[in-house]
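To keep things clear, I will list the structure first and then write my remarks on it.
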Amino acid sequence: MTFKPTRIARALGRGLTGFAVFAAVPGLVAAAEADSDGPEMIRMQQQISAQNRQIDVLRADLARQEAALADLRRALGVGEMRGRGTEAAPGDTSAPVVVAQQEAPQQQPVGQAPDPERAAREREMATVGFEQPGILTAPGKWVVEPSLQYAYSSSNRIALVGYTVIPAILIGLIDVREVKRNTFTAALTVRRGITNRFEMEAKIPWLYRSDTSVSREIASGTAVDSVFDADGRGLGDVEIAGRYQLNDGGGDSPYYIASLRFKTRTGKDPFEVETNRTLPGGRGTGLQTELPTGSGFYSFTPGLTVLIPSDPAVFFGGISYQHSIKRSNVKAKTDGGDILIGDVAPGGVIGFNFGMGLALNDRSSFSIGYDHQSVGKVKINGSTAAGSVRVQLGTLLLGYSHRLNTGNMVNLSVGVGVTRDTPDVQLTLRMPFSL
């Protein structure tokens, strides 16, 4: 029996591609034994031995690639890896080679992958960064949040005291007044998780306020400014709030959180501080000699907050309405004695806000939002007070949150007034930590 070396080489070459040579080797060995004395059979045996050595090398290389593939699977946490359209089937020895050649060159994981749930929690916390927390406190857990806020505002007012004979000619006084106001608020907020969907909160503020009024009588013939300073400090209005998560949320589904806030009258109200009925020089309507630290009214504020996760961002928005309880037989304290005002009912406050929080990495996030409040007219004895108008307060908010190595968050927000009656700037620094 005679075989040509070229035919055997081609058979061996085809067998090596799919490892089919394992089935051809027994027949070739039997043929070699039948005619072992011929020179061609000797060459064939040598070729078979060389091919066997190559097969052994391929087996060893295949074993190393399978071990590397197993390590890669364990590192990536993947139970099944596939090549480009090729899946390893049981007993198929060719598929792992394709998988190893295509998947092994991928980048090896460096360090520890971020926890998706933790990143989602951080994004939710960052979205609310200004007034309310983005997620509810876990049951039985306490969160203590000290904060410090600074607000600055300035306003100009021109009062015409006199009458005109013809347009552009005034007989009397022109009172030009500029008021600069600085407010520092240090607060301690404590939250407690009651259930998986309900939490309670209490906020205790302490305020320091200072006002400077600069005025000049243009028509009086003097160029000297009249400066009037006043300040006030003390406990502000303590607030108590409750929040309830209405739905499960999660994934791409929004979260709905209902809230109810109650504000007390623990601060010194505007009717308890003394007011000058007449400014120096016998003009004007008077200014407070001491500034109040509270509003002077009990109020309830129901609201609804919506959080919409959209990786890697979270969108948020909310609406609220503040209702203040009317006070009866209110008296104003002045340097000339108490003056009876009567029944005072502050106007309701309609508020809404919206914005977006964006996760920069697993420790930092950025937020941008807008907050608007529309304050209604004040009523005295059932009628709108003289000079009372609806006030629009709009604030553009920018926030940044960073997680420290201790696990605590540091939140910094900047508010810029976009309407005339809003404070020019508000800076708020908060640092919540769990107990």
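Where a number appears in this text, it was derived from the coordinates with a stated rule and is not lab data. On a predicted model such as this, the values are computed, not experimentally measured, just so you know. Reconstructed Cβ throughout: ideal geometry from the backbone, glycine too, with neighbour counts over all protein chains shown.
Loop only by DSSP, 12 or fewer other Cβ within 10 Å of the Cβ. Give me the trypsin sites (Lys or Arg not before Pro) in the range 344-426 that pass, ordered by residue number.
R390, R420
Leaving out same-chain residues fewer than 8 places away, which lysines sit with a Cα under 29 Å from that of K331?
Within the straight-line limit of under 29 Å, K331 reaches these lysines: K180, K203, K263, K268, K377, K379.
Between S388 and D231, how high is the FRET efficiency from 1/(1 + (r/R0)^6) when r is the Cβ-Cβ distance and R₀ = 35 Å? Nearest 0.05.
FRET efficiency, S388 to D231: 0.85.
How big is Rg to Rh over the range 302-364, alpha-carbon atoms, Rh as the Kirkwood inverse-mean-distance radius?
1.37
Once you put a point 7 Å from the Cα of D248 and another 7 Å from the Cα of I319, both along the Cβ direction, what distance in nm separates them?
2.7
Taking amide H atoms as placed 1.01 Å from N in the peptide plane, list the residues 5 or more away in sequence, or in a different chain, whose amide H sits under 5 Å from that of V330.
I341, G342, D343, V344
Please give me the summed charge of the neighbours of G347: other residues whose Cβ is under 10 Å from its Cβ, Lys and Arg +1, Asp and Glu -1. Could the numbers behind the result be given before it?
Details: positive: K377, K379, R390; negative: none.
In short, +3.
Please list 3J(HN,Hα) in residue order for the range 244-251, calculated via the Karplus relation 6.51 cos²θ - 1.76 cosθ + 1.60 where θ = phi - 60°; whole Hz, with x for glycine and proline.
Result, rounded to whole Hz: 9, 7, 7, 9, 6, x, x, x.
In sequence order, what are the phi-derived ³J(HN,Hα) couplings for the range 228-236 according to the Karplus relation 6.51 cos²θ - 1.76 cosθ + 1.60 with θ = phi - 60°, rounded to whole Hz, with x for glycine and proline?
Each residue's phi maps through the Karplus curve to give 10, 10, 8, 8, x, 8, x, 5, x Hz.
Please give the contour-minus-distance gain from I380 to Q46: 0.36 nm per residue of separation, less the Cα-Cα distance, rounded to one decimal in nm.
On the way: separation 334, 0.36 × 334 = 120.24 nm, distance 11.43 nm.
Computed gain between I380 and Q46 is 108.8 nm.
Need one number: nm distance between label points at L429 and E66, each 7 Å from Cα along Cα→Cβ, rounded to one decimal.
The two pseudo-label positions are separated by 6.2 nm.
Based on alpha-carbon positions alone, could you give the equivalent ellipsoid semi-axes of the range 284-435 from the gyration tensor, as √(5λ), descending, whole Å?
Whole-Å semi-axes of the equivalent ellipsoid: 39, 18, 15.
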